[in-house]
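A short write-up of the structure that comes next.
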Amino acid sequence: MSTEVRKGEPIMYDTFERNINYLRISVTDKCNLRCIYCMPKEGVELAPHDDILRLEEIEKIVRSAALVGIKKVRLTGGEPLVRKGIIELVDMINNVPQIDDIALTTNGLLLPDMAGGLKKAGLKRVNISLDTLSPGKFAKITRGGQLSKAWLGLETALETGFDPVKTNTVVIRGFNDDEIDDFIALTCKMPVHVRFIELMPIGESDAWAGDSYVSTAELVEYVSGKHEIIPEKEVRGSGPARYYRVPGAPGTIGFISPISSHFCSECNRLRLTAEGCLRPCLHSPAEIDLRTPLRNGASEPELADIIRTAVNSKPEKHDMQQSGWRGNRRVMNQIGG
Ligand code: SAM
Ligand code: SF4
């Protein structure tokens, strides 16, 4: 692991020479939906209010992380838009000089009222979860959510000028694998980057994900057999997705393969839970407590040292296909995906 300074800016490498510059922050473990692959019906036991990081604490962690090379921040959850003060938080992070990109992953339901404020505060990009285009199936998978609200969120995101606007579709055999063509048609009508994500056996879905899992290879074979698609160079903030486009379409189609293809060698991220634990790898239960030193008065350089140590412990790769999610005490809404 090393940190070097290039053009006056710190760059942090981990033990496997990966440049770690991206922090995903879960700002709450609460959610206004109960997606069947993410949360139990009754919800999860929420962390006590005092255990959740306050906005100024999150800001201080971002400032500390920026000292060692973090440049991009994504806010997630739970549902980040149910967090009180989220617009203020975007503004606070936008004022950290080294941070040049702030993104949000959301179910979109609250975007119609909040998109303008978020944009003004400095949010650049949004990813909206959209697993189905059928109102009945949407209600089923989210346990009661209304597709019309998520759809309005998507339309508002486009009108507000977020760029790019991406959607996340977790592909589930027997549930939405018959809608692939409809999602591709969407990219031909709207400048939306639809991403198909492999179902991960995490928390709620651990028991049934095996039978419902559809690999990217199977999907790509289906899609390329039915549609003319051409590889797309890069969509901004593309991370681990591979992108294609139907010629002439305003939107693109992306595939994210957390199970079938190890993108660990390109992993540039760290995660911060709502309770202030750093998680070097989504798939490993190892966590480093930042909240205690923070509340004991650690300075930004001291917190930056702890962040460097956490980066040092980032594993080379996960073996989720073998080990599943066992050993992880948290589920997705608590880590942020
Ligand atoms: N509530 C926000 C949302 O739904 O976009 C942000 C948090 S959610 C945990 C982040 C992403 O994780 C969503 O796109 C969701 O579909 C994905 N996710 C949750 N559980 C998953 C699983 N078992 N496999 C694959 N993706 C999952
Ligand atoms: Fe909530 Fe997002 Fe999990 Fe669905 S995927 S229950 S919207 S946190």
First select every other residue whose beta carbon is under 11 angstrom from the beta carbon of Ser134; then total the charges, Lys and Arg +1, Asp and Glu -1.
-> -2
Counting only chymotrypsin sites (Phe, Trp or Tyr not before Pro) that are in a DSSP loop and have at most 15 other C-beta atoms within 10 Å, tell me the longest site-free stretch of the chain.
-> 17-207
About the Cα centre, charge dipole magnitude for segment 204-294 (Lys/Arg +1, Asp/Glu -1 at Cβ), debye | 420 debye
So what's the gap between the Cα centers of segment 289-309 and segment 186-225, to the nearest angstrom?
-> 38 Å
Sorted by average packing, counted as other Cβ atoms within 10 angstrom per residue and highest first, what order do 102-110, 90-98 take?
-> 102-110, 90-98
Dipole magnitude (debye, nearest 20) for segment 2-334, charges at Cβ of Lys, Arg, Asp, Glu = 360 debye
Full extension between Glu316 and Asp206 adds, at 0.36 nm per residue less the Cα distance, a length in nm of 37.3 nm
For Ile172, list long-range residues whose amide hydrogen, built 1.01 Å from N in the peptide plane, is under 5 Å from its own amide hydrogen.
-> Asp177
Taking r as the C-beta separation of Ser265 and Thr309 and R0 as 25 Å, the FRET efficiency to the nearest 0.05 is 0.70
For Glu56, the net charge from surrounding residues (Cβ-Cβ under 15 Å; K, R +1; D, E -1) works out to +1
If one computes the Cα centroid of segment 134-157 and of segment 85-117, what distance in Å separates the two points?
-> 21 Å
Could you work out how far apart the two model spin labels at Glu17 and Ser224 are, taking each label as a point 7 Å from the Cα in the direction of the beta carbon, and quote it in nm?
-> 2.9 nm
Cysteines without a disulfide-compatible neighbour (Cβ-Cβ under 4.7 Å), the chain = Cys31, Cys188, Cys264, Cys267, Cys277, Cys281
Give me the net charge of Glu198's neighbourhood, meaning all other residues with Cβ under 15 Å from the Cβ of Glu198; Lys, Arg count +1, Asp, Glu -1.
-> -3
Expressed as a percent, the accessible surface of segment 2-334 that is carbon or sulfur, using a 1.4 Å probe and the full set of protein chains, is 50 percent
Provide the per residue accessible area, probe 1.4 Å, for the chain, rounded to a whole number of square angstrom.
-> 43 Å²
Per its Cα gyration tensor (rounded if a/c is under 1.5, else prolate when a/b beats b/c, else oblate), segment 188-320 is best filed as prolate
Column: log10 I(q)/I(0), Debye, Cα scatterers of the chain, q = 0.10, 0.13, 0.15 Å⁻¹ = -0.57, -1.00, -1.37
Amide H contacts of Leu75 (H built 1.01 Å from N, under 5 Å, at least 5 apart or other chain) | Ile25, Ala103, Leu104, Thr105
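The values are calculated or read from the model by the stated rules, or taken from the named source; none is laboratory data. This is a predicted model, so every value here is computed, not measured. Methodologically, a virtual Cβ is constructed for each residue, glycine included, from the backbone with ideal geometry; neighbour enumeration extends over all protein chains shown. Please note that ligands, DNA and RNA were not included when accessible areas were found on the heavy atoms of the full protein model with its side chains. Shrake-Rupley method; radii C 1.70, N 1.55, O 1.52, S 1.80 Å.
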